[in-house]
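The values are calculated or read from the model by the stated rules, or taken from the named source; none is laboratory data. Since the model is a prediction, treat every value here as computed from it, not as a measurement. For neighbour counting, all protein chains shown are included, and Cβ atoms are generated from backbone atoms with ideal geometry for every residue, glycine included.
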Amino acid sequence: MHPMDLNARYPAIADLRTRARRRIPHFVWEYLDSGTGTEATLKRNRSTLDAVRFAPSILHGEVAADLGTTLFGQDHPLPFGIAPVGMSGLIWPDAERILARAAARAGVPYTLSTVATQTPETVGPLTGGQGWFQLYPPRDPEIRRDMLARARDAGFTALVLTVDVPVASRRERQVRSGLTNPPRLTPRLLAQVAMRPAWAVGTAMHGMPRMRTLDPYAADTAARDPTAHVGYLLRTAPDWEYLRWLRDHWEGTLIVKGVLRAADVPGLESAGVDAIWVSNHAGRQFDAAPASIEALPAIRAATDLPLIFDSGIEGGLDMLRAIALGADFVMLGRAFHYALGALGREGPAHLINILRRDLAANLGQLGVARPVDLRGQVLARETRAQ
Ligand SMILES: Cc1cc2nc3c(=O)[nH]c(=O)nc-3n(C[C@H](O)[C@H](O)[C@H](O)COP(=O)(O)O)c2cc1C
């Protein structure tokens, strides 16, 4: 579809979400869209972002938005990228390759999850040199070394250690939908698939999604417990020692994802990380966590390291809120998958377009060319209890 038509029909992420819901089987939708517990943290991400306000400027004349930014010495045309999403290819057929290519075309970073359905070897060459690899920490040092070597050889420049999944989260909505771990295609799930023909045909063409990066290690783990999920068998809850080991074994950029406390900053700095990723995993892990945007200012005050931000971004204005409160770069997880579910391979480029326009429109209201010039300009941060 022509970009103008797409814009007329799906001007916001909310439109992509509505359409995606009608095209993705229910159990997959619940996996993508749910938080944990009563979803208080998921909702808090939204309400706390809404509470960040600016005073619009007047009589500032024409201001051309300048969205370029530099991160890790590399210039980026836009201040955002794609967050890691496990089993991305279950959400939409071939998701990882579509996203990596769309990201490379737009010059934005794409993060491949350890538990994606495609391997670093397949995806790395598609990322245009802007691939980041997200690590769920393998317990076995041999597997750990092998994964780092694979990520490096496939051209990933940054390693992202996720630290907010020390245990599996319960995600009750997911459980209610009939999704098991590992997924088993019961008659109930098959009935849900039958109602979503585009997804079903695409999935039949690309093969049953599985965590392909872990294939070489599957024999090891199957011996341990043949019924359990290879992803969970492999990983451990990392500790500070683990982080130091990673720093010694990864020469590229090292990012720690899932940080919410300023008190953790000195430890991260002395472990030699290159950036901190402030995130509550979109409210999917712990339902009493602060909203990411609430946690951000204190972490900004505690460090000069680059800060990456995610959890709940629904448009350009949200990105400006995060950047104004200290983020250097913003990532989106679910929105890119709503875009895929709604529009297939056309989705990611359209979403990037929405975000670019929304950034420019809101900067225009504020009379500011560069998002980073909004630092210190937040008018109010009224926090409502959720
Ligand atoms: C379906 C789904 C799967 C995810 N899988 C991973 C993962 O494998 N590794 C990881 O570090 N984060 C994972 N995340 C968290 C995202 O990287 C990111 O922190 C979060 O989605 C950002 O919030 P947003 O979805 O509101 O943009 C996942 C999120 C979703 C929605």
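Give me the pairs: first residue in segment 149-173 and more than 12 Å from residue 285 (Cα to Cα), second residue among the acidic types (Asp, Glu), beta-carbon distance under 6 Å, and six or more apart or on different chains, which are they?
Final answer for the pair search is 154/121; 173/30.
Residue 133: touching a Ser or Thr at 6+ places or on another chain (Cβ under 9 Å), free of Cβ contacts under 8 Å to residues at least 40 places away in the same chain, within 16 Å of the ligand (Cβ to nearest atom) and of a type outside the set (Lys, Arg), yes or no? Show your work before the answer.
Working: touching a Ser or Thr at 6+ places or on another chain (Cβ under 9 Å): yes; free of Cβ contacts under 8 Å to residues at least 40 places away in the same chain: yes; within 16 Å of the ligand (Cβ to nearest atom): yes; of a type outside the set (Lys, Arg): yes.
Spelling it out, residue 133 is indeed touching a Ser or Thr at 6+ places or on another chain (Cβ under 9 Å), free of Cβ contacts under 8 Å to residues at least 40 places away in the same chain, within 16 Å of the ligand (Cβ to nearest atom) and of a type outside the set (Lys, Arg).
Go through segment 80-120 and give me each residue that's among the aliphatic types (A, V, I, L, M) and either at pLDDT below 95 or over 23 Å from residue 355 (Cα atoms) (or both). Please lay out each step first, then the result.
Step one: list which residues in segment 80-120 are among the aliphatic types (A, V, I, L, M), which gives 82-83, 85, 87, 90-91, 95, 98-100, 102-104, 106, 108, 112, 115-116.
Scanning segment 80-120 gives 87, 90, 115, 116.
If a residue must be hydroxyl-bearing (Ser, Thr, Tyr) and under 16 Å from residue 23 (Cβ atoms), how many such residues does segment 178-209 contain? First the steps, then the outcome.
The initial filter retains those residues of segment 178-209 that are hydroxyl-bearing (Ser, Thr, Tyr), namely 180, 186, 203.
With under 16 Å from residue 23 (Cβ atoms) added as a condition, the list becomes 203.
Going through segment 178-209 one residue at a time, the tally reaches 1.
Please verify whether residue 157 is away from the ligand (no atom under 14 Å from the Cβ) and within 17 Å of residue 277 (Cβ to Cβ), treating the condition exactly as stated. So that I can check it myself, show each step before the final result.
Details: away from the ligand (no atom under 14 Å from the Cβ): yes; within 17 Å of residue 277 (Cβ to Cβ): yes.
Yes: the conditions hold for residue 157.
For segment 110-134, which residues satisfy the criterion of being over 24 Å from residue 31 (Cα atoms) and not in a strand (DSSP E or B)?
To start, the set of residues in segment 110-134 that are over 24 Å from residue 31 (Cα atoms) comprises 121-122, 124-131.
Within segment 110-134, 121, 122, 124, 125, 126, 127, 128, 129, 130 meet the criteria.
When you scan segment 324-334, how many residues do you find that are in contact with a strand residue (DSSP E or B) (Cβ under 7 Å, 6 or more places away or on another chain) and either within 19 Å of residue 262 (Cβ to Cβ) or not aliphatic (A, V, I, L, M) (or both)?
The total comes to 6.
Do we have any residue at all in segment 232-240 that's within 15 Å of the ligand (Cβ to nearest atom), touching a helix residue (DSSP H, G or I) at 6+ places or on another chain (Cβ under 6 Å) and aromatic (Phe, Trp, Tyr)?
The answer is no, given that none of the residues of segment 232-240 is within 15 Å of the ligand (Cβ to nearest atom), touching a helix residue (DSSP H, G or I) at 6+ places or on another chain (Cβ under 6 Å) and aromatic (Phe, Trp, Tyr).
Among the residues of segment 85-105, which ones are outside any loop (DSSP other than H, G, I, E, B), in contact (Cβ under 8 Å) with a residue 60 or more places away in the chain and surrounded by fewer than 24 Cβ atoms within 10 Å (Cβ to Cβ)?
Of segment 85-105, the ones outside any loop (DSSP other than H, G, I, E, B) are 88-91, 95-105.
Next, only the ones that are in contact (Cβ under 8 Å) with a residue 60 or more places away in the chain stay: 88-91, 95, 98-99, 102-103, 105.
Correct list: 98, 105.
Restricting segment 91-119 to residues that are of a type outside the set (A, V, I, L, M) and within 12 Å of the ligand (Cβ to nearest atom), which is nearest to residue 16 (Cα to Cα)?
Here is the first cut: in segment 91-119, the residues of a type outside the set (A, V, I, L, M) are 92-94, 96-97, 101, 105, 107, 109-111, 113-114, 117-119.
Next cut, within 12 Å of the ligand (Cβ to nearest atom) only: 92, 96, 110-111, 113-114, 117.
Numbers: 92: 13, 96: 18, 110: 20, 111: 21, 113: 23, 114: 26, 117: 23 Å.
In this case the residue turns out to be 92.
Take the conditions buried (at least 20 other Cβ atoms within 10 Å of the Cβ) and either free of Cβ contacts under 8 Å to residues at least 24 places away in the same chain or more than 30 Å from residue 176 (Cα to Cα) (or both) and apply them to residue 79. Does it pass?
Working: buried (at least 20 other Cβ atoms within 10 Å of the Cβ): yes; either free of Cβ contacts under 8 Å to residues at least 24 places away in the same chain or more than 30 Å from residue 176 (Cα to Cα) (or both): yes.
Yes; evaluated as a whole, the condition is true for this residue.
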